[in-house]
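Notes follow the structure.
The values are calculated or read from the model by the stated rules, or taken from the named source; none is laboratory data. Computed from a prediction, not measured in an experiment: that's the story for all the values here. Here Cβ is always computed from backbone atoms with ideal geometry, including for glycine, and neighbour counts include all displayed protein chains.
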Amino acid sequence: MDYLETKGRVFDIQRYSIHDGPGIRTIVFLKGCVLHCRWCCNPESQEYAIQTMKVQGEDKVIGRDVTVREMIEEVEKDRPYYYRSGGGLTLSGGECLCQPEFARDLLRAAKERGINTSIESMACAPFERIEMLLPYLDLYLMDIKHTNPAKHQEFTGRSNELMLENARKTALAGRTKLVIRVPVIPTFNDTVEEIQGIARFAASLPGVDKIHLLPYHRLGQDKYEGLGREYMMEGIIPPSMEHMDTLKKAVHGVCSLDCQIGG
């Protein structure tokens, strides 16, 4: 079968993004995730099944099946922006490794058209799935949420051993640029000690020179009501910029990584 006919399930396309890889990017959001992070801002991504979500009182269908050919045609519409800015395609979710064949073939289509590629991923999948993507991947934006397995399990539904192992394997493979991203979540990982623990781990990975601290926000809170679900972070206040600056300084206190807030 022609790889352009590989099918996948997406739930959104976001254009003109500047925070998900270099330049101006088009983000394709894939359905399905193995984690259930309490703070997830895309809860409609967690289930692979096509869903209905209330949006401003109206039913909205979340998820549609597409081919690689259909998606790359959408991505190519933004080519002038990629050319001028050094941008390209980013796959997000959910967890794009839940649809490895579709992710691989969409990245391949982009690379064959000279479009820069990136994924946002927690690396919570067998490493063989990551290996499938590496030949077509320019940048891996990998979430590392905590170094403590028990706390990771409590807040996300899964322990973190596989993700940390995959981070090491991806770095050692040396086939893509790897950036570590940390969602900074009050009550979960927002202490100096916890962030420094993640920073030390990131600094131990060969070739990794950047870590991004992403402050918690509540932009997806209304989606939980639309899905008939409870929002588990009710009452949790996003970290102040002063606290984020403190955490950035804490990272610099234990390693030489380039630490950015946001990105």
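Which of the residues belonging to region 249-261 are assigned to a helix (DSSP H, G or I) and surrounded by 17 or more Cβ atoms within 10 Å (Cβ to Cβ)? Before the answer, list the steps.
We begin by selecting, within region 249-261, every residue assigned to a helix (DSSP H, G or I); these are 249-254.
A250, V251, listed by residue number.
Filter region 122-138 down to the residues that are among the charged types (D, E, K, R) and touching a residue at least 24 places away in the same chain (Cβ under 8 Å), then identify the one that is surrounded by the most Cβ atoms within 10 Å (Cβ to Cβ). Residue satisfying both the conditions and the ranking: R129.
Quick test for you: out of K169, K249, K210, pick the one residue that is charged (D, E, K, R) and touching a helix residue (DSSP H, G or I) at 6+ places or on another chain (Cβ under 6 Å).
On inspection, the qualifying residue turns out to be K169.
Residues that are in contact with a strand residue (DSSP E or B) (Cβ under 9 Å, 6 or more places away or on another chain) and of a type outside the set (V, I, T) number at least 3 in the following strands (runs of 3 or more DSSP E) confined to region 30-115: 51-55, 88-92. Applying a threshold of 6 Å to beta carbon distances and a minimum spacing of six or more residues, or different chains, the list of pairs starting in region 11-27 at a residue that is within 12 Å of G263 (Cβ to Cβ) and assigned to a strand (DSSP E or B) and ending at one that is of a type in the set (A, V, I, L, M, F, W, C) and at pLDDT 95 or above reads S17/I27.
Rundown of residues vs (1) in contact (Cβ under 8 Å) with a residue 40 or more places away in the chain; (2) out of contact with any Ser or Thr (no Cβ under 8 Å at 6 or more places or on another chain), yes/no style:
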{"site": "M163", "(1), (2)": "yes, yes"}
{"site": "A167", "(1), (2)": "yes, yes"}
{"site": "T170", "(1), (2)": "yes, no"}
{"site": "V182", "(1), (2)": "no, yes"}
{"site": "G220", "(1), (2)": "yes, yes"}
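Residue count for region 169-222, restricted to those that are under 19 Å from the mean Cα position of the chain (by Cα), β-branched (V, I, T) and either part of a strand (DSSP E or B) or more than 21 Å from L134 (Cα to Cα) (or both): 8.
Taken residue by residue, region 77-84 has no member that is of a type in the set (K, R) and surrounded by 21 or more Cβ atoms within 10 Å (Cβ to Cβ).
One residue stands out in region 213-239 among those that are out of contact with any helix residue (DSSP H, G or I) (no Cβ under 9 Å at 6 or more places or on another chain) and more than 17 Å from Q56 (Cβ to Cβ): the one that is surrounded by the most Cβ atoms within 10 Å (Cβ to Cβ), namely Y216. Take the conditions (1) over 30 Å from K151 (Cα atoms); (2) surrounded by fewer than 21 Cβ atoms within 10 Å (Cβ to Cβ); N42 misses just one of them, which is (1). The one condition from (1) more than 26 Å from Y224 (Cα to Cα); (2) out of contact with any Cys (no Cβ under 7 Å at 6 or more places or on another chain); (3) surrounded by 14 or more Cβ atoms within 10 Å (Cβ to Cβ) that C96 does not meet is (1).
Specify the residue that is nearest to S92 (Cα to Cα); the eligible residues are those in region 116-145 that are small (G, A, S) and assigned to a strand (DSSP E or B).
S121
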